[in-house]
Amino acid sequence: MDALVLRGQIVYAPFPKKLTVRPDAYLVAEGGRVADVYDALPEAYAGVRVEDWGDCLIVPGFNDLHVHAPQFPNRGLGMDKELLPWLNAYTFPEEAKFRDEAYARRVYGRFVRELWRVGTTRAAVFATVHAPAARILAELMGEAGLGGFVGKVNMDRNGPDDLIETTGASLAETERFVEGFAEGRVRPILTPRFAPSCTEALMRGLGGMAARRDLPVQSHLSENEGEIAWVRELHPWARDYASVYDAFGLFGQTKTVMAHCVHVTDDEIALMLRRGVYVAHCPFSNLNLASGIAPVRRFLDEGLNVGLGSDVSGGHRLSMTDVMASAVECSKMRWKYVDGRAPLTTAEVLYLATKGGGSFFGRVGSFEPGYAMDCLVVDDARLSDETPRSPEERLERFIYLGDDREIRARYVDGALLSEPRGG
Ligand code: GUN
Ligand code: FE
């Protein structure tokens, strides 16, 4: 039988409100999908070798719902500006380098290895406008056994000459890019960079492509006040920023994720809810670019789909445990200084980084039956102290203090991932 059995201290978050903790339990998968979690191994699996991880925690793999692979070399640099000057001064010049496929292969190799290292098992990734480089990124993620979406970015205005495409070429290249994907767990996603980078003709073309080919969409929404004012100037007919995407079929007509949503209005939230549009909450980036503090508690209260994004390199770290800690910290500042809504809990940030964002990729991010067998084995002995700690406490401490040194194994769809080559 094609079964995998891991034994350990199993912790996951099928709901935001409360962790599910199963001490000394068996996590069983068949054909890459979770069968169930058992206190005693059922007779049916009697012949299967048990991978006994002893006192290690076993948690779902982490899902990064928003990250820019070509910005990996800029991590921790250029944090002295807000969004629009930051794009022009640091981001666009770096992204222009990805015309060079050898450069792209080196950087993307390092990026993929770092995803593996920090325990991110699936990600929604922006590449650049360059389709050949974006193809290399998808290939490298696939070879590493990671899952997710890769988008060739679309930009046909308001950028430097060496990044801007013609509308026709942008659409044609995108069509070729999505057609070039082999079956697998890395899939294409349409990626209009953000409204100011795209003419209405380009957005209309991409919306048509999304509908025709049933392709998902990722972009940015209401991150920064200067950006929002610019969108209003560019599209004076639109009620708000979300309505611009919506008018062109890029707002939940197919599966859609919007990064940031720091300054969204009541109307925009209502539309996101109606359309099932996901929020990728990116706390590091929102701090670094002084964008603001997104109302995540409100998003959860209203029932929006929410996950977490590292947003490298607006965000400086790829590790989702670091992003989780930052999400809790930001929510406390919002509670204290802005809206009095309760801060996020450990259970809630684990939920956001696993099932919350994971559902964008399918049945991903939980250990409920039928979910993809994506998991991490966490040996937190280095972080222990003299007092016995519960699995909940150990998870909290891993989120705040842990890093890749604690991650002993990573599985995606039931397959153990070896360290990617390259970089
Ligand atoms: N808006 C448009 N492009 C970008 C980007 O690369 N990073 C962030 N944080 N926001 C954007
Ligand atoms: Fe971003």
field: Pairwise centroid distance, computed over Cα atoms, of the range 195-236 with the range 269-300, Å
entry: 17 Å
Simple spin-label estimate for Ala290 and Lys17 in nanometres, 7 Å along Cα-Cβ: 4.1 nm
query: Fully extended, how many nm does the chain gain between Glu368 and Arg275 (0.36 nm per residue separation, minus their Cα-Cα distance)?
result: 30.9 nm
- line: From DSSP H assignment alone, runs of 4+ in the chain each adding -39500 (n - 2.57), the sum over residues rounded to the nearest 500 puts [θ] at 222 nm at -9500 deg cm²/dmol
Computed P(r) (all Cα pairs; the chain; 20 Å bins; percent): 28, 58, 14, 0
statement: Note to self: C-alpha centroids of the range 369-411 and the range 43-110 sit apart, in Å, by 20 Å
query: Label Leu401 and Asp161 with points 7 Å out from Cα along Cα→Cβ: what is the distance between them in nm?
result: 5.6 nm
Debye intensity ratio in log₁₀ form over the Cα atoms of the range 93-210, taken at each q of 0.17, 0.19, 0.20 Å⁻¹: -0.81, -0.98, -1.07
statement: To the nearest 20 debye, the range 1-138 has a Cα-centred charge dipole, built from +1 on Lys and Arg Cβ and -1 on Asp and Glu Cβ, of 500 debye
- prompt: At what distance in nm do the modelled label points of Lys332 and Leu416 sit from each other, each positioned 7 Å from its Cα along Cα→Cβ?
  reply: 3.9 nm
- prompt: Taking only the alpha carbons of the range 288-423, what extent do you get along each of the three principal axes, in Å, biggest first?
  reply: 44, 41, 36
task: For the range 249-351, would you read off the P(r) tail past 19 Å as a percentage of all alpha carbon pairs?
output: 39 percent
field: Partners for Lys18 among lysines (Cα-Cα distance below 18 Å; same-chain residues under 8 apart left out)
entry: Lys355
query: What residue among Val125, Ala138, Gly109 has its Cα farthest toward the positive end of the dipole of the range 93-149, where the charges are +1 on Lys, Arg and -1 on Asp, Glu, each on the Cβ?
result: Gly109
message: Can you tell me which of Leu27, Leu234, Leu352 moves the most in a GNM of the chain? Springs connect C-alpha atoms under 10 Å apart.
response: Leu234
field: Contour excess over end-to-end distance, with Cα ends at Ala201 and Glu392 and 0.36 nm allotted per residue
entry: 63.7 nm
task: Could you tell me what fraction of 2.2 N^0.38 Å the Cα radius of gyration of the range 163-281 comes to, as a two-decimal ratio?
output: 1.04
task: Take the eigenvalues of the Cα gyration tensor for the range 73-151, scale each by 5, and report the square roots as semi-axes in whole Å, largest first.
output: 23, 15, 11
task: Tell me the Kirkwood hydrodynamic radius of the range 1-149 in angstroms, computed as one over the mean inverse distance between distinct C-alpha pairs.
output: 18.2 Å
- prompt: Can you tell me the Rg and the Dmax, both Å, for the Cα atoms in the range 24-91?
  reply: 22.1, 62
message: Please report Rg (one decimal) and Dmax (integer) in Å for the Cα set of the range 234-309.
response: 12.2, 33
field: Dipole magnitude of the range 110-257, debye to nearest 20 (Cβ charges: Lys/Arg +1, Asp/Glu -1, about Cα centre)
entry: 520 debye
message: Charges at C-beta only: +1 for Lys and Arg, -1 for Asp and Glu. How large is the resulting dipole of the chain about its Cα centre, in Debye rounded to 20?
response: 260 debye
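Quick note: the coordinates plus some simple rules give every number you see, no bench work behind them. Bear in mind the structure is a predicted one, so any value in this text is a computation, not a measurement. Cβ atoms come from the backbone with ideal geometry, glycine included; neighbour counts cover every protein chain shown.
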